[in-house]
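S.K.: I'd like to ask some things about the structure below.
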Amino acid sequence: MIEVRDVRKVYGKKDSAFEALKGIDLQIPDGATVAVIGKSGSGKSTLMHIMGGLDHPTSGEVVVNGQSLGTMKRKQIDHFRAHELGFVFQAFFVEGNQTCYQNVALPLEINETGLRSRKKLIDAALERVELLDKKHVKARNLSGGQKQRLAIARAIVNNPTLLLADEPTGNLDSMTGEKIIELLFSLNKENGSTLVIVTHDHELASRCDMQIVVKDGQVMGVRVRQVDRKPLPRRGLRI
């Protein structure tokens, strides 16, 4: 369960202050697929970054499986990001001069996974996104769709409980983007990870269990569709 409790985010000070989020309250169940919808500047990406512990709210808190991110020490929040969180960005953010293997290895190096386990996990993640044959190819030589799949492999290599995707198809053509979306949904179904997607695509949003509409830093509505699906076993938050 992810709980967002009266979260506010203000950038700047005094006359230049801008309130990006204005008292957001949300509850997201484990294993759900969630679309955060809104126009550019609505605050949806800011909300996602705060939910993932990549940014801090000015006030309010985010609670994941009973643990408030705001009360965690720096080492604990780093552990949360390395073990429980997978993040997929619109701009890919892969290291062009590194191989696919090296890109996916980064989270495992951060959390000090043993070398023997590391190789198995990397190969499994690359195979899952159909890039195992590109393992030793440098990321700069991949197509846009392949780079996004590489970013997903890096995000899922630790089997995260929470997978966040910020406009993951924004830089892709429609056919490639559809393949990326199908991959994300299949990961949610097979691994039981909670999937939260920031998007302006209402067709994509309609496929999710929850649709959260954000405008001017406020939640304007939450639509929930009933799904007949058994919840998969979830890990507790490790800190």
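Readers should treat all values here as calculations from the given coordinates under stated rules, not as data from a laboratory. Bear in mind that the values here come from a model prediction, so they are computed numbers and not experimental data. Ideal geometry is used to build each Cβ from the backbone, glycine not excepted, and the neighbour counts take in all protein chains shown.
S.K.: Using a Gaussian network model on the chain with a 10 Å cutoff between Cα atoms, which of K179, K14, K119 fluctuates the most?
M.R.: The residue with the greatest mean-square fluctuation here is K14.
S.K.: A follow-up question, please. Can you show me the helix-derived [θ] at 222 nm for the chain, built from DSSP H runs with n ≥ 4 at -39,500 (n - 2.57) apiece and divided by the number of residues, rounded to the nearest 500.
M.R.: Numbers: 7 runs with 78 residues, N = 239.
Theoretical 222 nm ellipticity from helices: -10000 deg cm²/dmol.
S.K.: Loop only by DSSP, 13 or fewer other Cβ within 10 Å of the Cβ. Give me the chymotrypsin sites (Phe, Trp or Tyr not before Pro) in segment 57-112 that pass, ordered by residue number.
M.R.: Values: sites: F80, F87, F89, F92, F93, Y101; in loops: F89, F92, F93.
When the chymotrypsin sites (Phe, Trp or Tyr not before Pro) of segment 57-112 are filtered for loop state and at most 13 Cβ neighbours within 10 Å, F93 remain.
S.K.: Would you mind computing the Rg to Rh ratio of segment 2-224 from its alpha-carbon coordinates, Kirkwood style for Rh? Can you show the working numbers first?
M.R.: Values: Rg = 17.4 Å, Rh = 17.9 Å.
Radius of gyration relative to Kirkwood radius: 0.97.
S.K.: Say we join alpha carbon atoms closer than 10 Å with springs in a Gaussian network model of the chain; which of I110, I28, I77 then has the biggest fluctuation?
M.R.: I110
S.K.: What lysines does K22 reach when the alpha-carbon gap must be under 26 Å and sequence neighbours fewer than 8 apart in one chain are set aside?
M.R.: Once the sequence-local lysines are set aside, what remains near K22 is K9, K13, K14, K39, K44, K73, K215.
S.K.: How many angstrom lie between the C-alpha centres of segment 153-177 and segment 11-51?
M.R.: The distance from the Cα centre of segment 153-177 to that of segment 11-51 comes to 19 Å.
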